Amino acid sequence: MRMYPACEFIAQRSVRDSFHELARVAALITTVALILSGSAKAQVNVVTYHNDNARTGVNANEMLLTPSNVNKNNFGKLFTQDVDGIVVGQPLYLSNVSIPGSGMHNVVYVATQHDTVYAFDADDNKGIVNAQPLWQVSFINPAAGITTVPGTVQKCTGVTAFTELGIVSTPVINLNTIDPNASTLYVIAKTEENGTFVHRLHALDVATGQEKFNGPVVLKATFKTNTGSVATFKDLYQMNRPGLLLANGTIYAGFGSNGCNDGNQGWVLAYDALTLQQVGVFDTSPVKGLSSIWQSGAGLTADSTGNIYAETGEGKFDADMGGQDFGSSVLKLTQMPSGLPLTDYFTPYNQATLSQMDLDLSSAGVLVLPDQPGGAHPHLAVATGKQGILYLLDRDNMGHYNPAGDTQIVQEVSPGAGGEVNGVPVYWNGKLYVYGGVSTIKAFSLNNGIFSTTPVVQSSALVGGGHPPTISAKGNANGILWVINGASLQAYSAGTLKLLYGAGQAGTRDALPTTTAHFATQTVANGKVYVATRQNLVVYGLFPALLTVAGNNQTATVNTALPAALKIKAVDPYSGQPFSGVTVTFSNGGKGGTFSTTTPVTDANGFASTVYTLPRIARTVTITASVPGFASAVLTETGTPAAPKWIVALQGNNQSATVTTQLPAALVVKVADQYSNGVPGITVNFNDGGAGGKLSPTSAITDSLGRATTLYTTSTKAALVTINAGALSLAILHMHETATAGPAAKLAAVSGDGQTAPPSTQLAQNLVVHVSDQYGNAVPNTSVVFSDGGAGGSFSAVPATSDTLGNASVAYTTPPSSGVYHISASVSGVAAKATFTATVP
């Protein structure tokens, strides 16, 4: 560690104290809670890529955004600020920065490929001050021949989609916790200067954008190999894509290719954060070249003791044979007074194949996990890459290279993410969240220092586009996973990975005005989400809200006014301040109720109210209070029926059933008020006027719809039956049912027996039989077969059919010969027959 003269240390004491703290606590530079002056509301700062030096991607101090309010009704696009070029790096955020001439602001910082750094008000773009940048600085001067590097010169635009090359990486802010205004933003800009290509490290005042510490400094580097040759940093071929890292009082910058392996090498350059003097250099492949550190923009990683971690791209690997080339490897560097040496590494067993097939590791960065006490490997890190395999590494013994397999490392989870991982996974609440290529988001649990081999939860939706996720939460609660899916910001419940919000759910309202750069990462801070695109900074957050103050969940009789007025308050969800003079529109969606006013105006305290008269229909009514651009308030009111007015039949009238059987359908009646609403809780009594049938039950209480139900079984008598339904003093309802005879069981002769007639002559009287059921009820429509046993007579009908009285009648013509003839009548299923005698003289 560099030693400072006592006088210099004293002069910069507050800054250097923050550096010592950074060396002890890895998470300090992430979401630092400051107490607002005169307020108890905590503010969060995001000062480095993926929120902290461990690159966990978590803001655990989010107090406003919750799974219950992040939805299309309450959350969406608030405003947009234009910028002059593609923003590749992640926006950074500082609370309570005093901007000279414009007062105190929460500030969001973005840097563009046009070599411009912007400071915007983080909360709105209203008014003369906030409608424009609070400040902006440009590092080009075309009149002097200083420009960004054109895409045609930098090359590989088909891969990067960059039209120019300027500032690529996420800057880093040294946060001064005592005085935020003394904080410093570090950024690396690349320029072309009259044919020469230059990288500069700038240290900017966060309040003004002015250079600090006699900056900027031009980046130059050489690296001496074991054989004595010297590798030189060549600006044209190098791209500073990984986010900057601030650790050990030092700025660390990773470099790699322009995207097409055009003469580049992987480099890590280290600069003292106060003097901007170079204090370390490491070249990942000083002999063979390549082995880029690009990491899809993910920053270099540091653990709590200040060790630095990076992943390399395809390239030659020969470290196992004493070489210095580290293609497709995970590196650990340690800052020393003498420089920045390699102190450990891991290289997958199939590194040659990975490099040959462009499946290298450097699509992702390293994530340092919290210490795992009591385990065999308390200090862990996760690496991954284009295959999506998760490599769980012991930071104290990373394993080097084993050509027989990766058995020397703590764990290897395959297929893991299921495709190429870009950036860094997220670690929160004992789970690692990751997706690869176009796939579902998966969460792997970490228990006793080992990951689950399969996801413990995953999304049903597919996510793609290579944008790293982040999580906002309040400690271990209210976790929300944020990700840019294609061209849409999305939010998922971190517990279930169910979709909470997608910008596309609101039509075009929340759409990004332009596409994002490859691997762009959102920033979540203090209730807002910041997404940088190729031309804009887009800010999402909670809409101004209408809050229900009084009158919700009331109950009253239909067609009457609710007891209490409906009262809402229009408030700013961030400051809690009311909005006065706002016209609020109340609506019940055409349900028929009326308001004393549908458009009240909020008063000085933000209140607006109306009296609601319920419609005539008894039901629950949803009332919406709305203002354009505000999150609506929804109230639920219930209308109950008026006094009972009459009884009406709903079901079961005019049925038929045979004697001693139940009617096919239940008898259902409704006790209704004057508006035909069913009245619940009324006892209805049923009877059949002494017809002898059975009602079950004889009394029934009306249900929630005012319905009372009974079943009726007919008596032994076939007849018309009147069922009476009565309640209170209401008019009795009469329902008419029919009990029909059962099947034929008896057959008896009625008339026509013992007649005499000449041959071939019709008897004077018809032969008549009676068909009845077992209870003596006449059975109509029954076929009766008459027969003289083949004696030669004839019948007028074969068969005859019983009439409504159960009688069947036929005329009989005697045979041509004299004699006494016996005639029988029979019915199918009835054993006994009716008999007649006819005599022919």
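The values are calculated or read from the model by the stated rules, or taken from the named source; none is laboratory data. This one's a predicted model, so the numbers in the text were calculated from it and none came from an experiment. For neighbour counting, all protein chains shown are included, and Cβ atoms are generated from backbone atoms with ideal geometry for every residue, glycine included. What goes into the accessible areas is simple: the full protein's heavy atoms, side chains included, and nothing from ligands, DNA or RNA. Shrake-Rupley method; radii C 1.70, N 1.55, O 1.52, S 1.80 Å.
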Derived scalar couplings ³J(HN,Hα) [segment 778-789; Karplus, 6.51 cos²θ - 1.76 cosθ + 1.60; whole Hz; x for Gly, Pro]: 4, 10, x, 6, 10, 7, 10, 9, 9, 8, 9, x
Principal axes of segment 649-771: Cα extent on each, largest first, Å: 77, 24, 22
Bins of 10 Å, starting at 0 and running to the largest distance - Cα pair percent for segment 688-841: 11, 30, 20, 14, 12, 8, 4, 1
VAL217, VAL149, reordered so the largest accessible area comes first (probe 1.4 Å): VAL217, VAL149
Proximal lysines to LYS717, defined as alpha-carbon separation beneath 30 angstrom and excluding residues fewer than eight positions away on the same chain: LYS670, LYS694, LYS746, LYS833
Rounded to the nearest 10 Å², the accessible area of ASP753 at probe 1.4 Å: 90
Accessible area of segment 527-681 belonging to carbon and sulfur atoms, whole % at 1.4 Å probe: 49
Most to least accessible of TRP482, TRP646 (protein chains only, probe 1.4 Å): TRP646, TRP482
Scattering curve values for the chain, log₁₀ I(q)/I(0), Debye with Cα scatterers, q = 0.06, 0.07, 0.11 Å⁻¹: -0.56, -0.65, -1.16
Leading residue at positive end of dipole, the chain (Cβ point charges), from MET357, GLY692, LEU393: GLY692
Positive-end residue of ILE140, ALA832, GLN90, charge dipole of the chain with Cβ unit charges: ALA832
Proximal aspartates and glutamates to LYS645, defined as alpha-carbon separation beneath 18 angstrom and excluding residues fewer than eight positions away on the same chain: ASP673, ASP703
For segment 97-112 and segment 278-316, distance of Cα centres in Å: 32
Nearest-ten-degree value, helix 13-24 long axis tilted from longest Cα axis of the chain: 60
Where HIS822, HIS199, HIS400 fall by accessible area, highest first, once all protein chains stay in place (1.4 Å): HIS822, HIS400, HIS199
Positive minus negative residues near ALA808 (Lys, Arg vs Asp, Glu; Cβ under 14 Å): +1
Span from the segment 718-773 Cα centroid across to the segment 373-424 one, whole angstrom: 93
Set of lysines near LYS386 by C-alpha distance (under 30 Å), chain-local residues within fewer than 8 positions excluded: LYS155, LYS190, LYS234, LYS288, LYS316, LYS332, LYS431, LYS442, LYS498
Spatial separation of Cα centroids for segment 240-273 and segment 624-678, in angstrom: 73
Rounded FRET efficiency, nearest 0.05, which uses the C-beta distance separating THR716 from THR597 and R0 of 60 Å: 0.35
Assigned charges on the beta-carbon of Lys, Arg, Asp, Glu; segment 350-426 dipole about Cα centre (debye): 40
Fully extended contour minus Cα-Cα distance, from ALA564 to ASN176, at 0.36 nm per residue: 134.4 nm
Rounded to 5, percent antiparallel among DSSP beta bridges of the chain: 95
